[in-house]
Amino acid sequence: MKTINNLIEKIRIKINDTSALEFSDDELLSYIHNGLSSLEMILLSNRVKFNITLLHSPLNTCPVPDDLLEIHKIIIDNMIIPLKNEYDNNFGYFILNNSIVLPNHNADIYYIKEFDRYGVDDEINLPSSYIDYLYLYTVIKALSRLEFNMDKEEKELLQLSNMIIKTTLSKYGSYPLQRDNRFAL
């Protein structure tokens with residue numbers, strides 16, 4: 001398993017900063033965390049199911065988890081409960097004042113959890129394609145800071161985003177993920 005420190009060392013070799021004169025560990029770590037946020041948004045916008053966590057609520061309200069990116073589904077009495085439409089009086093859940101308000105008690109809330117944020121000495125517990133994405137994302141950000149070429153950075157990050165989607169959604173990929181069936185590529 002790789003650690004963040006190993007990833008930073010590999011990044012330093014690629015950006016020619018092995019002596020850590022140009023970039024601090026904290027700056028590179030901030031790029032890695034930005035890469036994690038970018039990866040989450042790419043996966044969410046492509047309706048990829050990832051990092052799904054179960055939360056059981058015995059009550060009609062439940063605090064919104066700090067690590068929630070999106071609610072995947074809520075099940076009460078073996079029925080999937082829809083998001084309540086504000087213009088409709090239909091049965092459903094909604095979020096109000098940092099609480100998930102449920103139409104009934106004993107709900108199973110499946111939500112997409114954000115990826116853990118790491119410290120320099122932490123182990124990375126992500127699939128290798130995601131680690132590769134973080135590596136390339138951080139290299140692009142670091143080199144862009146040196147070159148001050150935002151147009152090039154934007155194009156390279158778009159290419160990187162396309163690569164991660166093709167890799168993670170491929171059934172032959174090293175870490176194939178499932179897409180929500182309501183959406184097509």
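May I have the convex hull volume per residue, in Å³, for the Cα set of the stretch 52-113? Kindly include the intermediate steps, with their values, before the conclusion.
Values: hull volume 4.8 nm³, N = 62.
Convex hull volume per residue, Cα atoms: 77 Å³.
Which loop-located chymotrypsin sites (Phe, Trp or Tyr not before Pro) does the stretch 102-152 contain, where loop means any DSSP state but H, G, I, E or B and the Cβ has at most 11 other Cβ atoms within 10 Å?
On the way: sites: TYR110, TYR111, PHE115, TYR118, TYR130, TYR133, TYR135, TYR137, PHE148; in loops: PHE115, TYR118, PHE148.
Answer in residue order: PHE148.
What does a probe at THR53 reach in the stretch 61-78, counting residues whose amide N is under 14 Å from the point 7 Å along Cα→Cβ?
63-72
Can you sort THR18, THR138, THR3 by how many other beta carbons sit within 10 Å, fewest first?
Values: THR18 9, THR138 26, THR3 15.
Exposure proxy ranking, most exposed first: THR18, THR3, THR138.
Calculated FRET efficiency, VAL64 and LYS84, Cβ-Cβ r, R0 22 Å, to nearest 0.05? Walk me through the intermediate numbers first.
Working: r = 15 Å, r/R0 = 0.70.
Once the sixth-power term is evaluated, E becomes 0.90.
Select from the stretch 22-68 those GluC sites (Glu not before Pro) which occupy a DSSP coil region and have at most 15 other Cβ atoms within 10 Å, ordered by residue number.
Of the GluC sites (Glu not before Pro), the ones in loops of the stretch 22-68 whose Cβ has at most 15 other Cβ atoms within 10 Å are GLU22.
What is the extension gain from ASN106 to MET41, computed as 0.36 nm multiplied by their sequence separation minus the C-alpha to C-alpha distance, in nm to one decimal?
On the way: separation 65, 0.36 × 65 = 23.40 nm, distance 3.02 nm.
The ASN106-MET41 span can extend by a further 20.4 nm.
Which distance in nm do the two modelled labels at LYS2 and LYS14 give, with both placed 7 Å along the Cα-to-Cβ direction?
Taking the simple label geometry, LYS2 and LYS14 are separated by 0.8 nm.
In what sequence do VAL64, VAL139 fall when counting other Cβ within 10 Å, fewest first? Present the calculation step by step, with values, prior to reporting the outcome.
Details: VAL64 16, VAL139 20.
Taking fewest neighbouring Cβ atoms as first place, the list is VAL64, VAL139.
List the chymotrypsin sites (Phe, Trp or Tyr not before Pro) within the stretch 1-96 that fall in a DSSP loop (any state other than H, G, I, E or B) and whose Cβ has at most 10 other Cβ atoms within 10 Å. Can you show the working numbers first?
Details: sites: PHE23, TYR31, PHE50, TYR87, PHE91, TYR93, PHE94; in loops: PHE23, PHE50, TYR87, PHE91.
Passing both the DSSP loop test and the Cβ count: TYR87.
Counting other C-beta atoms within 10 Å, which of LEU143, LEU43 has the fewest, and how do the rest follow?
Details: LEU143 16, LEU43 23.
The fewest-first ordering by Cβ neighbours comes to LEU143, LEU43.
Please give every one of the aspartates and glutamates within straight-line cross-link reach of LYS49, meaning a C-alpha to C-alpha distance under 13 Å, and leave out same-chain neighbours fewer than 8 residues apart.
Hits, sequence-local ones excluded: GLU40, GLU70, GLU114, ASP180.
FYI, it's all coordinate maths here, none of it is from the lab. Keep in mind it's a predicted model, so treat the numbers as computed, not measured. Glycine gets a Cβ as well: all are built from the backbone with ideal geometry, and neighbour counts include every protein chain shown.
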